[in-house]
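Sharing a structure with you now.
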């Protein structure tokens, strides 16, 4: 009996507040836009019996999904989100790998402090970390003042409200997610393997390329997914650092919902975003499982 | 150990500079006397004073803290239960769906979670406000709690619990007296994680809040959309300070506990 409640309570909670809402999104994505409250039709009238249910299903169609394919804005936004997420994941890897590598090589007594320095920004508000860059990247901002002062540039650069600012924002906010899994992989690496490689005639760079990189592959994969997946649906960064030309699907969904109040289209946008995300999520889960099995 | 090279020293310095300089600049400019965030006009704490007068921010901060305390407590109870189910309950009908529902919210884009919960609340005719935000936050943070707690439960030595049962404890007593104290650090860090997630969340709160309840992130977001303001810098500085003190204290406490435990173990080893 106790076991039943132990399972049933979290199960019921998640079903009601996670699974059911999902089907509602799917349902509204198949409904039509209407000028009413709530702004969609048909609405399910459970009291109406079998006929009402039949009418309800008869009125559902794929119109909103077809609309998404006909309007340029949407597929451009999906492609642009994929591009921004991919490029910023690569940048995060390029910035994060040397940091994780240096942490793994650092003396033992430094490591707890270094770990804390990586984790600390993660506990700090996401919004504040994005906001910090608004002041730095703006036209009269800190970066431009600094570069003008050093004489590297003579005209202020326009960085804020461009895709470059979005890349910087994503790399900055998701960097800990990249560093931690790579560090975890590198920390376990046996240094004698590198010595063996060098004894056998590898240069240091060859030893790094042929031994260190393959052995930290799982960390690289896990870190990349942890950056790519949330970056794809990101809203705050493109909204604060990006400009009107920055197309990202999270921002489109938000605007469709709050500004245009077109709930059916917003729901359809959400369903398609989820379909795109299923592939990386499944790949990520498989990588994690493989790693867990390898450790056992 | 290999020599700590110049290359490594450089990447650590540059890496941590990249992580921390933006926040340091933000903090410095919160003490700027000028309204223009880009011009330094001398040291001043007047923005902190103005912040303390700003009723709207104080109200929002209060709502945020209430939501965070209640939602993270619900999330901790539900998440710990879910972790026990995941690790201990063995096979039961619908297990795959259950673990899917635990892991899916972790990777779900916030805009989708927010949208779907909003549509649910509207569908069942629930007024949006502090209750709906709390329910939404409890739901996504319970998944984080259960991941944290289950990783501790997996490494837990079950024979300790069996010993308690042999010595006459009921199953509930064994849980309360043996299991719970051992997994307590994980439960506490789960609560802290849930608490910070709730404090930080903008997107899900925006979808699930109504005109009656505004949280601090919603307030900050609508202020910073208009541009940088020294008052927001002051607010950010306070939040950064609280988090820094909290994280450093937590790490010192856990370090001291580890040292104590080691000392006790050594003492016990000497006695035998």
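Once the piece of chain linking residue B:165 and residue B:258 is laid out straight, how much longer is it, given 0.36 nm per residue of separation minus the C-alpha distance between them? Write down the numbers at each step before the final one.
On the way: separation 93, 0.36 × 93 = 33.48 nm, distance 2.75 nm.
So the extension gain works out to 30.7 nm.
Using 7 Å Cα-to-Cβ label points, what is the residue A:198/residue B:154 separation (nm, one decimal)?
3.5 nm
What's the average, rounded to a whole number, of partner chain beta-carbon atoms within 10 Å of each residue's beta-carbon in A:113-125? Each step should come with its number before you reach the end.
Details: counts 1, 3, 1, 4, 5, 3, 2, 10, 7, 4, 13, 10, 13.
Across the residues of A:113-125, the mean count of other-chain Cβ atoms within 10 Å is 6.
Sort B:52, B:271 so the one with the fewest other Cβ atoms within 10 Å of its own Cβ comes first.
Details: B:52 10, B:271 6.
Fewest-to-most Cβ neighbours within 10 Å comes out as B:271, B:52.
Going by a ≥ b ≥ c, the root eigenvalues of the Cα gyration tensor, does chain B fall in the rounded group (a/c under 1.5), the prolate group (a/b larger than b/c) or the oblate group? Let's see the in-between values first.
Working: a/c = 2.21, a/b = 1.34, b/c = 1.66.
The shape class here is oblate.
Could you tell me how far the Cα centroid of the stretch A:98-159 sits from the Cα centroid of the stretch B:1-65, in Å?
What the calculation gives is 11 Å, centre to centre.
Another one. Among A:73, A:148, A:274, which one shows the highest mean-square fluctuation when chain A is modelled as a Gaussian network with alpha-carbon springs under 10 Å?
A:148
How big is the gap, in Å, between the Cα center of the stretch A:224-296 and the Cα center of the stretch B:66-104?
That distance is 23 Å.
Where the centre of each part is set by its Cα atoms, how far does the stretch B:168-218 sit from the stretch B:136-151, in angstrom?
When both Cα centres are located, 7 Å separates them.
Hey, another quick one. Among B:224, B:63, rank each residue by its count of other Cβ atoms within 10 Å, from fewest to most, as a rough exposure measure. Intermediate values should be presented prior to the final figure.
Working: B:224 19, B:63 22.
Going from sparsest to densest Cβ surroundings: B:224, B:63.
For chain B, set up a Gaussian network in which alpha carbons nearer than 10 Å are linked by springs, and say which option among B:223, B:68, B:136 fluctuates the most.
Highest fluctuation of the listed residues: B:223.
Which FRET efficiency value, to the nearest 0.05, is calculated for residue A:75 and residue A:282 with the Förster distance at 30 angstrom and r the Cβ-Cβ distance?
Numbers: r = 23 Å, r/R0 = 0.76.
Calculated transfer efficiency: 0.85.
Quick one: length gained pulling residue B:10 to residue B:69 fully straight, 0.36 nm per residue minus the C-alpha distance?
Full extension from residue B:10 to residue B:69 adds 17.1 nm.
Using helices alone, what [θ] at 222 nm do you get for chain B, with -39,500 (n - 2.57) per DSSP H run of 4 or more residues, divided over all residues and rounded to the nearest 500?
On the way: 12 runs with 209 residues, N = 272.
Calculated at 222 nm, the ellipticity per residue is -26000 deg cm²/dmol.
Same structure again: How would you classify the protein assembly as shown from its alpha-carbon gyration tensor, with a ≥ b ≥ c the square roots of the eigenvalues: rounded for a/c under 1.5, else prolate if a/b is greater than b/c, otherwise oblate?
Working: a/c = 1.44, a/b = 1.07, b/c = 1.35.
Rounded shape, in that the Cα axes give a/c under 1.5.
Using the number of other C-beta atoms within 10 angstrom as an exposure proxy, rank B:226, A:226 with the fewest first. It would help to have the intermediate numbers written out before the result.
On the way: B:226 7, A:226 21.
By the 10 Å Cβ count, ascending, the order reads B:226, A:226.
Once you have a ≥ b ≥ c as the square roots of the Cα gyration tensor eigenvalues for the stretch A:68-295, tell me rounded if a/c is under 1.5, and otherwise prolate or oblate according to whether a/b is larger than b/c. Working shown, then result.
Numbers: a/c = 2.31, a/b = 1.41, b/c = 1.64.
In terms of gyration-tensor shape, oblate.
Which of A:64, A:260, A:218 moves the most in a Gaussian network model of chain A with Cα springs under 10 Å?
Fluctuation is largest for A:260.
Label residue A:152 and residue A:209 with points 7 Å out from Cα along Cα→Cβ: what is the distance between them in nm?
Inter-label distance under the simple model: 2.9 nm.
Please determine, in degrees from 0 to 90 and to the nearest 10, the orientation of helix B:180-200 with respect to the longest principal axis defined by the Cα atoms of chain B, where the helix direction is its Cα long axis.
The two axes meet at around 20 degrees.
How much length would be gained if the chain were fully extended between residue A:4 and residue A:292, taking 0.36 nm per residue of separation minus their Cα-Cα distance, in nm to one decimal? Walk me through the numbers on the way to the answer.
On the way: separation 288, 0.36 × 288 = 103.68 nm, distance 2.89 nm.
So the chain would gain 100.8 nm between residue A:4 and residue A:292.
Every number in this text was worked out from the coordinates using simple rules, so none of it is lab data. The shown structure was predicted, so the numbers you read here are calculated from the model rather than taken from an experiment. Cβ coordinates were reconstructed from backbone atoms using ideal geometry, including for glycine residues, and neighbour counts include every protein chain displayed.
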